[in-house]
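Engineer: Sending over a structure as structure tokens; questions will come in a sec.
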Amino acid sequence: MDDTAPLNRYQLAELGSLLAEPARAAMLLALVDGTSRPAGELAHAAGVTPATASAHLRRLLYGGLLAAYAQGRHRYYRLADERVAAMLESLSLARATAPRPLPTRADAKLRRARCCYRHLAGTLGVAFCATLLRRDWLQTGSRGLFLQPDGAEALAATGLELTDVSQLFGRSCLDWTERRMHLGGPLGVMLTSAMLQAGWLRPLPHSRVLQPSAGGLRQLGILGVPLD
């Protein structure tokens, strides 16, 4: 996907055709958490044969939505970049006025805290971002959002290990369940990684859900993050 020019009508139509196939959509959603997966795993996620999966993956690669790399005898696929993940998340906003089924327990967990291309999303991610902004720990710069020194000190005091934080920028990412912003970009990824390493969050297997620990919620509360 090219940053330098808007989509023309033909590119937009091609993008729509890529997303209109349920198997391809399933593959893309399986990669929204920022992981890289082999073709066989993506074929299973989409419910198609390996040969059919290969054809779909070629189209997604050619369309610029996926990237691939070889490791040993295997080839792994991932989203081309975080802008693709943000696009996939934001498409769910179009369903805001459509009738929705009653939420399940799994839906509630996904809405509370989940991984959006390796950064924290959901009600917890939105509340964390809002707190950083409210306390002026996060400021807008020429490239995006930057963590201020006093914010970095406050986070480090809670036990988070931060690296090269002054060189990283974040961006506002519209949360599809909350219709508010959470923190994305390299800064959002680094802070989420620090929370995972500190045990504040735990990824649930085969899911985008991030389960907050009691200790993590306590530390977030100390920072002033509302947890209701």
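Engineer: Relative contact order (percent) for the stretch 100-228, with alpha-carbon contacts under 8 angstrom and 6 or more residues of separation?
Structural biologist: It comes to 28 percent, rounded to a whole number.
Engineer: Probe radius 1.4 Å, ligands and nucleic acids ignored: give me the carbon and sulfur share of the accessible area of the chain as a rounded percent.
Structural biologist: So the carbon and sulfur contribution to the accessible surface is 56 percent.
Engineer: Here is a further query. Provide the per residue accessible area, probe 1.4 Å, for the chain, rounded to a whole number of square angstrom.
Structural biologist: With all protein chains present, the chain gives 55 Å² per residue.
Engineer: Could you tell me how many degrees, from 0 to 90 and to the nearest 10, lie between the Cα long axis of helix 214-223 and the main elongation axis, the longest principal axis, of the Cα atoms of the chain?
Structural biologist: 60
Engineer: Amide H neighbours of residue 202 under 5 Å, counting only residues 5+ apart in sequence or on other chains, H built in-plane at 1.01 Å?
Structural biologist: Excluding prolines and chain starts, which carry no amide H, the hits are 211, 213.
Engineer: Two decimals is fine: what is log10 I(q)/I(0) at q = 0.12, 0.21 Å⁻¹ for the stretch 151-228, from a Debye sum with one equal scatterer on every Cα and no solvent?
Structural biologist: Reported log10 I(q)/I(0), two decimals: -0.36, -1.16.
Engineer: Using only Cα atoms, locate the centre of the stretch 109-171 and the centre of the stretch 177-228, then give the distance between them in Å, rounded to an integer.
Structural biologist: Each part reduced to its Cα centre gives a spacing of 10 Å.
Engineer: Calculate how steeply helix 122-134 sits against the longest principal axis of the alpha-carbon atoms of the chain, using the helix alpha-carbon long axis, and give the answer as 0 to 90 degrees to the nearest 10.
Structural biologist: 50
Engineer: Report the longest stretch of the chain that contains none of the trypsin sites (Lys or Arg not before Pro) sitting in a DSSP loop with at most 13 other Cβ atoms within 10 Å. Write out the running numbers ahead of the final one.
Structural biologist: On the way: sites that count: 73, 143, 179.
In short, 1-72.
Engineer: Next question. With only alpha-carbon atoms in the gyration tensor, what are the semi-axes of the equivalent ellipsoid for the stretch 26-183, in Å, largest first?
Structural biologist: 32, 21, 14
Engineer: May I have the extent of the alpha carbons of the stretch 1-74 along their three principal axes, as whole Å values ordered from largest to smallest?
Structural biologist: If we take the Cα atoms of the stretch 1-74, the spans are 36, 24, 21 Å.
Engineer: With bins 10 Å wide starting at 0, give me the P(r) of the stretch 97-226 over every alpha carbon pair, in whole percents.
Structural biologist: 13, 46, 31, 8, 1
Engineer: Also, quick follow-up: Using a 1.4 Å probe and counting only protein heavy atoms, arrange 189, 32 so the residue with the most accessible area comes first. Intermediate values should be presented prior to the final figure.
Structural biologist: On the way: 189 30, 32 0 Å².
Largest accessible area first, the list is 189, 32.
Engineer: Go ahead and set up a Gaussian network model of the chain, Cα springs under 10 Å, then flag whichever of 207, 172, 142 fluctuates most.
Structural biologist: Maximum fluctuation in the GNM of the chain, among the listed residues, is at 142.
Engineer: Can I ask one more? How large is the dipole of the chain about the Cα centre if only Lys and Arg carry +1 and Asp and Glu carry -1, each at its Cβ, rounded to the nearest 20 debye?
Structural biologist: Using only the charged Cβ atoms, the result is roughly 640 debye.
Engineer: To the nearest 20 Debye, how big is the dipole of the stretch 120-228 about its Cα centre, given +1 on the beta carbon of each Lys and Arg and -1 on that of each Asp and Glu?
Structural biologist: Details: 9 positive and 8 negative charges, 59 e Å.
Roughly 280 debye, rounded to the nearest 20.
Engineer: Considering the options 186, 18, 154, tell which one lies farthest towards the positive end of the dipole of the chain, charges being +1 on Lys and Arg and -1 on Asp and Glu at the Cβ, about the Cα centre.
Structural biologist: Among 186, 18, 154, the one farthest towards the positive end of the dipole of the chain is 18.
The values are calculated or read from the model by the stated rules, or taken from the named source; none is laboratory data. Every value quoted in this text rests on a predicted model; they were computed, and no experiment measured them. Heads up, the Cβs are rebuilt from the backbone with ideal geometry, glycines too, and the neighbour counts pull from every protein chain shown. Areas reflect the complete protein model, heavy atoms only, side chains present, ligands, DNA and RNA absent. Shrake-Rupley method; radii C 1.70, N 1.55, O 1.52, S 1.80 Å.
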